[in-house]
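Read through the structure below, which is laid out as structure tokens, and then see the notes.
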Ligand code: HEM
């Protein structure tokens, strides 16, 4: 029998919104009080939060009874043509076109470029004599990967784009009111500049060495060629989706290696047996089969600090999730971070071994699921693996003193003071002394 949807009773949602932005345990506290599904209001927006395998599996199986949804600020900054804001056949057609950028053959083509960027960063870190904010370098690396591999950009061309992206990203989860001087207005201006620049890059696609040729011949839902304006909005989405999230996982992973005493030596035992640069195809040389501990560390980062804390769907008709009735027109948020910590008593501990000894309980969905599962999953996993192996094989990091190692959570988890580190050359024998 269906149950009624439990509610916090919030009406305007102002206090709920303050709690949401300030309290990392906002959702978890309410799950404890109301169960794995509850409804609340955040500044006038009604939201149903869900966690747990049953409710999430039910949501992902809904097909066209649900559609994609993002907060108004994200919607406006991404644009109406972006596939993230489309549904049905329009969404499917664009996913088909864009997914060509992430096929196995495309990843093989990108791999040497990514290895080059990892070596460049390792070299740069070893040149520095002062503490370095590693999280900033990870952001720049992740942006460079996508700008180089997909757009074929290099040097200052790439860095100008990065600057505007940083302005744009800061307003993603802001109040979308265009008052002069606010982050949102600045982000709208940055969006216009970015689209202009991306249009130029697309026009010169045959002259650059990126992956844009893979989009050639892309068709819309009516079988017509996609317009340049349409493709440009998909590129904007890829650049955004491809760097904030990946940079967050890399910073959180390096932070875990630096603050959890057992993690780095355990991981290095495996890395010491691997070759850098890879002996053979670097696309697969460090995957879960060949480097299971690395995979377990990545999984543990995704579990405890998922880069996307939650993803959304809106109901197009009434649906049932774990026997709870959700009316039509409601927005449902899958609360990943809270889902991944529910259950056993040690689930707040960073313990990668749980992914190898079968003791991990919740299903991990850091890349979402169903019809809208992350398009860049394979690229993200590849660049994370290459960065961790390449960097740790060359560099020994230690934490600089006097810094806040807590995480800020919005838009994606990242150490508050940027993870200040000192780097020195790594030699396996030094580490064992
Ligand atoms: C660790 C890195 C990443 C994580 C954790 C991540 C996570 C996610 C999540 C949770 C979603 C929403 C899925 C859903 O609604 O079910 C998503 C969507 C998406 N991601 Fe990623 N992502 C990452 C990296 C990337 C990269 C590198 C790219 C491309 C360069 C990318 C492109 C996209 C796109 C285009 C979508 C929209 C898919 C759609 O609406 O159909 N992501 N990602």
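Could you work out [θ]222 nm for the chain from helices alone, using -39500 (n - 2.57) per DSSP H run of at least four and dividing by all its residues? Round to the nearest 500 deg cm²/dmol. Computed mean residue ellipticity for the chain: -15000 deg cm²/dmol.
By the Cα gyration tensor, segment 306-433 has an equivalent ellipsoid whose semi-axes, rounded to whole angstrom, run 37, 17, 16 from largest to smallest. Scoring 142-154, 71-83 by mean Cβ neighbours within 10 Å over their residues and listing the highest first yields 142-154, 71-83. Segment 211-264 and segment 43-107 have their alpha-carbon centroids 14 Å apart. Between residue 363 and residue 156, the contour length at 0.36 nm per residue exceeds the alpha carbon distance by 70.3 nm.
Can you tell me how the chain classifies by the Cα gyration tensor, rounded, prolate or oblate, using a/c under 1.5 as the rounded cut? Because a/c hits 1.5 or more and a/b fails to exceed b/c, the chain counts as oblate. Computed packing ranks the peptides 327-340, 216-229 as 327-340, 216-229, most packed first, by mean other Cβ atoms within 10 Å. When peptides 155-162, 134-141 are sorted by average Cβ neighbour count within 10 Å, with the highest value leading, the order is 134-141, 155-162.
DSSP bridge analysis restricted to the chain gives an antiparallel fraction near 80%, rounded to the nearest 5. The share of alpha-carbon pairs in segment 278-377 lying farther apart than 21 Å comes to 48%.
Indicate the gyration tensor shape class of segment 23-64 (rounded, prolate or oblate), computed on the Cα atoms with a ≥ b ≥ c the square roots of the eigenvalues: a/c under 1.5 is rounded; otherwise a/b larger than b/c is prolate and the rest oblate. Oblate. Measuring between their Cα centroids, segment 12-28 and segment 270-315 lie 32 Å from each other.
Just so you know, all these numbers are worked out from the coordinates, no wet-lab data involved. Since the model is a prediction, treat every value here as computed from it, not as a measurement. We place every Cβ from the backbone using ideal geometry, glycine too, and count neighbours over all the protein chains shown.
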